[in-house]
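Read the structure below first, then the notes.
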Amino acid sequence: MGERAATSITLEAAASQVAHARRFVRRSVEDVDPAVVDDLQLIVSELFTNAVEHGASDTVEVVVAQRPDRVSVTVDSRGPTPGVGPATDWQVADADALNGRGLGIVRELADDLVVERDGEEFIVTATLSLRQHAGR
């Protein structure tokens, strides 16, 4: 498999669009272990949900980029993100917590995580190494 161009979709910032974002991720990757696809779908679910709940934009952009050794998913939203600290601080919440699990789950699943704040944009890119996840 060679390098593929990144694919993107812009969706309405609504909880009802999370399933559409998951399907987009699944359809955007080729020849990837199903467990990696599952992880990517969980990552986009958590990031998209956070963008909807905490962002101020009417839309959320999802970008999938695949290379021979890795695949990444980026969620780009606009609006203030108070309370979102650096990715190194993201932890999985306690089992009895009512919320706060999403970013910790993303941090646990991703091999590399980049968080960018550019003016009113909040961009999170989670990358999974295909070699590291082979045959999990």
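Take each of the peptides 36-49, 65-78, 12-25, average the number of other beta-carbon atoms within 10 Å over its residues, and list them starting from the highest.
So the order, starting with the most tightly packed, is 36-49, 65-78, 12-25.
First measure r as the distance between the Cβ atoms of Glu12 and Glu108, then evaluate 1/(1 + (r/R0)^6) with R0 = 25 Å and state the FRET efficiency to the nearest 0.05.
Computed FRET efficiency for Glu12 and Glu108 comes out at 0.30.
Principal axis extents for region 35-75, Cα atoms only, whole Å, descending order, please.
35, 17, 9
Each reported figure results from applying straightforward, stated rules to the coordinates on display, with no laboratory input. Keep in mind the model is a prediction, meaning the values are calculated, not measured. Quick reminder, even Gly has a Cβ in these numbers, built from the backbone with ideal geometry, and neighbours come from all protein chains shown.
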